[in-house]
Amino acid sequence: MSSKSIQLTNKQSSETIAIGASAYNILLNSQNSEGQLAIIEMLVPPNGGPIPHEHKGFQECFYILEGEVEMQTKEKRFSAKQGDLVHIPLDGPVHCFKNNSSVNARLLCIVTPSGLDSFFEEAGRKIPAGTLPDPVPPTPEQIAFANQTAEKYGQKLYPKDYLD
């Protein structure tokens, strides 16, 4: 018999992190999954989304819960709508997404093995669950810190126009 216990996470017990204009609610983190898995609910406002980036050593899935986002790599660009699943394979291409709609998009991000959650926790700041941060452009110091932190967690960030 296993001595491990089942975990319940809710809005009160999870941590919500602001990065850029988006909010990332960490439902399952590295510590609670023994480094195997991270599950993150993403709230992305209109015109929001991460800059182009790549990550080595983990794969990522986005399940679109609400709204629509435009996914982009060097090779292609496509819309992902409510009910769609996007899979970024292990050591996948540089990619990004953007919410081009007029309403918030909500995505469930699943990462294996974990680590993306640790990047968010270190590079971002805590905010109340269910809220979005004020869309303030990052300072040069914040950009440098995000780049250093991303590298620490196996990611590389690219300029906003890298995939254009």
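The values are calculated or read from the model by the stated rules, or taken from the named source; none is laboratory data. Since the structure is predicted, the reported quantities are computational estimates derived from the model, not experimental observations. Backbone-built Cβ (ideal geometry, glycine too); neighbour counts: all protein chains shown.
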Exercise. Does at least one position in the range 146-164 carry a residue that is in contact with a strand residue (DSSP E or B) (Cβ under 6 Å, 6 or more places away or on another chain), surrounded by 11 or more Cβ atoms within 10 Å (Cβ to Cβ), at pLDDT 95 or above and more than 15 Å from residue 56 (Cα to Cα)?
Worked result: yes
Problem set entry | Selected residue [modelled with pLDDT under 95 and either more than 25 Å from residue 161 (Cα to Cα) or of a type in the set (Asp, Glu) (or both)] from 134, 84 | 134
For this session: Only one of these is closer than 23 Å to residue 156 by Cβ, at pLDDT below 95, surrounded by 12 or more Cβ atoms within 10 Å (Cβ to Cβ) and of a type outside the set (S, T, N, Q): 116, 107. Name it.
Result: 116
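Just name the residue that is nearest to the chain's Cα centre (by Cα) out of those in the range 54-78 that are part of a loop (DSSP other than H, G, I, E, B) and of a type in the set (D, E, K, R). Show your work before the answer.
So in the range 54-78, the residues part of a loop (DSSP other than H, G, I, E, B) come out as 56-58, 67, 73-76.
With of a type in the set (D, E, K, R) added as a condition, the list becomes 56, 74-76.
Numbers: 56: 15, 74: 19, 75: 21, 76: 20 Å.
Across the range 54-78, the extreme among qualifying residues is 56.
Scan the range 34-56 and tell me whether some residue there is among the polar types (S, T, N, Q) and either in contact with an Asp or Glu (Cβ under 8 Å, 6 or more places away or on another chain) or buried (at least 16 other Cβ atoms within 10 Å of the Cβ) (or both).
Narrowing the range 34-56 to residues among the polar types (S, T, N, Q): 36, 47.
Next cut, either in contact with an Asp or Glu (Cβ under 8 Å, 6 or more places away or on another chain) or buried (at least 16 other Cβ atoms within 10 Å of the Cβ) (or both) only: none.
Looking through the range 34-56, none of the residues is among the polar types (S, T, N, Q) and either in contact with an Asp or Glu (Cβ under 8 Å, 6 or more places away or on another chain) or buried (at least 16 other Cβ atoms within 10 Å of the Cβ) (or both).
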Exercise. What is the number of the single condition among (1) under 14 Å from residue 24 (Cα atoms); (2) surrounded by fewer than 12 Cβ atoms within 10 Å (Cβ to Cβ) that residue 102 does not meet?
Worked result: (1)
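I'd like the full set of residues that are buried (at least 17 other Cβ atoms within 10 Å of the Cβ) and either free of Cβ contacts under 8 Å to residues at least 12 places away in the same chain or assigned to a loop (DSSP other than H, G, I, E, B) (or both), limited to the range 119-131. Spell out how you get there, then give the answer.
Residues of the range 119-131 that are buried (at least 17 other Cβ atoms within 10 Å of the Cβ), as a first pass: 119-121, 123-124, 127.
Listed by number, the residues that qualify are 124, 127.
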Seminar exercise, completed: When (1) in contact with a Phe, Trp or Tyr (Cβ under 7 Å, 6 or more places away or on another chain); (2) in contact (Cβ under 8 Å) with a residue 60 or more places away in the chain are applied to residue 33, the one that fails is (1)
